[in-house]
Amino acid sequence: MPDPGPLTVLLVEDEPDIRLVARLALQRQGAFTVVEAASGSAAMRVVATVRPDVILLDVMMPEMDGPDVLRALAGDPSTAGIPVVFLTAKATSEDLSRLGALGAAGIITKPFDATTLAADVRSILDRRVAPPALTPEPSPSTTWTINEAALAKLDGLVGEDGRDIRLDLYDLFADRTPAVLSQLQAARLAGAGASKDAARLAHSLKSAAATLGLDGMAALCARIEVQASAGRVMDTAPLIDRLVVEFEPALALLKAACLRFASTTPVSHPDRSS
């Protein structure tokens, strides 16, 4: 029987750094052909012209979130049969139960393992079973440390500039995070009316920090997200202040770790089969 070739996956993710890692991971050794969308509404436009074999769908996005996209797909007979795999950093049992009830084919949590992402998606498509039990988010530590196991999950990935992907992700994190912290401070000062914005900003920063092994920062962001989601954005002041104060030391640790990994880990170009 002839090989039908790689399946097409529509990757829907509003965070460019997560989208970059996921695309490179899915394209590894020709596992998938990847089409990208940076928002839920953009995903709906893509689906109207490109019929993917599977959709890898971020949950928390502005305006049209992942559950909204899944409901829209399910409500159209022409797209209802496309399997959807949620990609999420919200992994409490309540979150997973809620997402599972929406009819997704499966759930993959962030930070995902880039070395197994393509196989994980294939496995969900083949078996259509519930995802394995997930480890709860860590509590924030008093001193930032780098979870090197998280950085190791990015082994072998190279950016389009030819560098180890960890260096590209570090640059994105260093460039974007100061603005996110400023926006968090502004949202906290704006009060309850800005709670939704604060929750979204904390969620975004949590995902980026966890991908790069900053587990303490990710856990702190998770606490901010929970409080802001409950409308208590004013209570997040000490947590946001800690993020601001400790960001530069965390960045220095992260830079050293990324440089160390990049100097010792061989990478392979995505266009080159191994």
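The values are calculated or read from the model by the stated rules, or taken from the named source; none is laboratory data. Since we're looking at a predicted model, the values are computed, not measured. Ideal geometry is used to build each Cβ from the backbone, glycine not excepted, and the neighbour counts take in all protein chains shown.
Any chance you could count how many residues in the stretch 177-210 are free of Cβ contacts under 8 Å to residues at least 60 places away in the same chain and crowded, with 16+ Cβ neighbours inside 10 Å? Counting residues in the stretch 177-210 that are free of Cβ contacts under 8 Å to residues at least 60 places away in the same chain and crowded, with 16+ Cβ neighbours inside 10 Å gives 15. Being outside the structural domain of ALA218 (by TED's automatic domain parsing) and within 24 Å of ALA198 (Cβ to Cβ) narrows it down to one of PRO52, PRO67, PRO77, PRO83, so name that one. Just a single option satisfies the conditions, and that option is PRO67. Taking the condition modelled with pLDDT of 90 or more and at negative phi, does PRO83 pass? Taking the combined requirement at face value, the residue satisfies it. In the stretch 23-40, is there at least one residue being free of Cβ contacts under 8 Å to residues at least 24 places away in the same chain and over 16 Å from ILE108 (Cα atoms)? Within the stretch 23-40 (the criterion being free of Cβ contacts under 8 Å to residues at least 24 places away in the same chain and over 16 Å from ILE108 (Cα atoms)), the answer is no, since none of the residues qualifies. Scanning the stretch 115-129 for residues that are part of a helix (DSSP H, G or I) and modelled with pLDDT under 80 turns up just one, ARG127.
What about PRO132, is it within 29 Å of ASP197 (Cβ to Cβ) and at pLDDT below 85? No, not satisfied. Per the listing LEU11, LEU20, the residue uniquely under 30 Å from ALA152 (Cβ atoms), touching a helix residue (DSSP H, G or I) at 6+ places or on another chain (Cβ under 9 Å), without any contact (Cβ under 8 Å) to a residue 60 or more places away in the chain and aliphatic (A, V, I, L, M) is LEU11. If the condition is being outside any helix (DSSP H, G or I) and free of Cβ contacts under 8 Å to residues at least 60 places away in the same chain, then the stretch 211-235 contributes ALA230, GLY231, ARG232. Going by the structure shown, is LEU259 surrounded by 21 or more Cβ atoms within 10 Å (Cβ to Cβ) and outside the structural domain of VAL21 (by TED's automatic domain parsing)? No; evaluated as a whole, the condition is false for this residue. Every listed requirement among (1) within 18 Å of ASP14 (Cα to Cα); (2) out of contact with any strand residue (DSSP E or B) (no Cβ under 8 Å at 6 or more places or on another chain); (3) at pLDDT 90 or above is met by THR49 save one, (1). Here LEU154 meets each of (1) touching a Ser or Thr at 6+ places or on another chain (Cβ under 6 Å); (2) at pLDDT 85 or above with one exception, condition (1).
Does PHE32 satisfy the criteria of being outside the structural domain of LEU212 (by TED's automatic domain parsing), under 19 Å from the mean Cα position of the chain (by Cα) and more than 25 Å from VAL158 (Cβ to Cβ)? Answer is no for this residue.
Go through the stretch 58-77 and give me each residue that's among the aliphatic types (A, V, I, L, M) and in contact with a Ser or Thr (Cβ under 9 Å, 6 or more places away or on another chain). Within the stretch 58-77, VAL59, MET60, MET61, MET64, VAL69, ALA72, LEU73 qualify.
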